[in-house]
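Notes follow the structure.
The values are calculated or read from the model by the stated rules, or taken from the named source; none is laboratory data. Here the structure is a predicted model, which is why all the values come from computation and not from measurement. Positions of Cβ are backbone-derived with ideal geometry, glycine not excepted, and every protein chain shown enters the neighbour counts. All accessible areas refer to the heavy atoms of the entire protein, side chains included, with ligands and DNA or RNA removed. Shrake-Rupley method; radii C 1.70, N 1.55, O 1.52, S 1.80 Å.
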Amino acid sequence: MSGAGGFETVASATSSTTVETVASATSSTTVETVASATSSTTVETVASATSSTTVGAVVFDYGGVLTTPVADSIAAWLEADGIEPESFSAVLKEWLGRNAEDGTPIHRLELGELPMPEFDALLAARLRTHDGSPVDPVGVLGRLFRGMRPDPAMWALAEELRAAGVRVALLSNSWGNTYPRDRIDALFDPIVISGEVGLRKPDPAIYDLVLDRLGLAAEECVFVDDAEPNVIGAREAGMHGLLHTEPSATRVALAELLPALGGAA
């Protein structure tokens, strides 16, 4: 999402979100995310770093991390458009699941190779409604991410890290939307968005790219994402991976590595 954010905003602001998150949807009526991991798991993940490690940067995902949960926005969209949740979950599994073949519509969208209107049409054609009527393909992604909003606690955390001398960067898979560029440009550096660089998480090359732009070793960086496959990819690249579930747990986990962050906000 280009702008938005990962699933991120496509919807809104990128805001919406990040498609990555959406991909973790289950077949249940309410779209749930892989990030169902408990906050204790999150803390353990980050705590695996050695005490000798000096963290110089925290890299944030956008949708579902710097915004409210993508799953909440998806659930509202499914209800408003009368879409059968199972039909959406099936498409996500096929196009974004761990066993998805390369080159799916979502992959092409995130790489900037498939225009949003074309993706909207492909997605709408695969969805079923409760009353059997067709899904309007115009603006599907916009409606999907419409309910996403910036998460004040996470933005405040990023600002606090920067004030403490820790670099903050952004690494987001884009769904062709528009991110709040003025706001992210003022806080994050570097900013790596999949559709702009032709790479997507969890491709190892995109983690290498953000590390190169930071000029730091992988072990000096923490990556925060709400999609487990992307966190695993970051760990495999040598970074500390933190699975985000909610702001307070993420703050506690980061404080394990960054004493300068202090206690609870």
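Of note:
- D208 contributes about 90 Å² of solvent-accessible surface, heavy atoms of the protein only, 1.4 Å probe.
- Per residue solvent-accessible surface (Å²) - the stretch 139-265, probe of 1.4 Å: 39 Å²
- At the residue level, L209 shows approximately 40 square angstrom of accessible surface with a 1.4 angstrom probe and all protein chains present.
- Within the accessible surface of the stretch 101-150, defined with a 1.4 Å probe on protein heavy atoms only, the carbon and sulfur portion equals 54 percent.
- For the stretch 106-265, the relative contact order comes to 19 percent (Cα pairs under 8 Å, sequence separation of at least 6).
- Computing Rg and the Kirkwood Rh from the Cα coordinates of the stretch 100-199 gives a ratio, Rg/Rh, of 1.07.
- Between amide H atoms placed 1.01 Å from N, distances below 5 Å from T67 occur with D151, all of them 5 or more places distant or on a separate chain.
- Charge dipole (debye, nearest 20) of the stretch 82-162; +1 at Cβ of Lys and Arg, -1 at Cβ of Asp and Glu: 120 debye
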